[in-house]
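Chemist: One structure coming up, written as structure tokens, with questions to follow.
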């Protein structure tokens, strides 16, 4: 997995608890730090579902090359990190071989958008409940205020 440069060398800890029942559902990626596993992806979505085990099911989808390109999907599972108020998850897409950090750094009070990162500062995603870019400026300004280099953001086409 190729990662770009760190866009935030002092990633903040999540400060808002997350009600995972409100967080589950479909999210649209509005922007991201480019990374190897999403190279060439447009129309990116993430869908989270509550599992009976208490874990969260994850289905990430992208359209290769264009918003109407062929779809590529990967499924995984996430576990809540104890003591994180639901804001930190450990996500696994390839069985026990790869487990990544998924931190909900910030979110709208109504769960209409979220800013997701991880401790290295190499990954950042701006997610919205809608394909509309109406919250993109707000999310970008918030990411910048949290110390992220927003010039590294790549806007996702839908």
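Chemist: Please work out the Cα convex hull volume for the chain and give it in Å³ per residue.
Modeler: Roughly 109 Å³ of hull volume per residue.
Chemist: Same structure, new question: Report the FRET efficiency, 1/(1 + (r/R0)^6), for residue 49 and residue 145, where r is their Cβ-Cβ distance and R0 is 41 Å, rounded to 0.05.
Modeler: 0.85
Chemist: Another one. For residue 81 and residue 39, what does the FRET efficiency come to when R0 = 30 Å and r is the distance between their Cβ atoms, rounded to the nearest 0.05?
Modeler: 0.60
Chemist: Between residue 93 and residue 66, what length in nm is gained on full extension when 0.36 nm per residue of separation is reduced by their alpha carbon distance?
Modeler: Here the answer is 7.4 nm.
Chemist: Over all Cα pairs of the stretch 53-140, how is the pair count split among 10 Å bins, expressed in % and running from 0 up to the last occupied bin?
Modeler: 15, 40, 38, 7, 0
Chemist: Distance between Cα centroids, the stretch 21-86 to the stretch 111-140: provide it in whole Å.
Modeler: The distance from the Cα centre of the stretch 21-86 to that of the stretch 111-140 comes to 12 Å.
Chemist: Quote the relative contact order of the chain in percent (integer), defining contacts as alpha-carbon pairs under 8 Å separated by 6+ residues. Intermediate values should be presented prior to the final figure.
Modeler: On the way: 357 pairs, mean separation 47.3, N = 158.
Worked out over the chain, it gives 30 percent.
Just so you know, all these numbers are worked out from the coordinates, no wet-lab data involved. Computed from a predicted structure; not experimentally measured. Methodologically, a virtual Cβ is constructed for each residue, glycine included, from the backbone with ideal geometry; neighbour enumeration extends over all protein chains shown.
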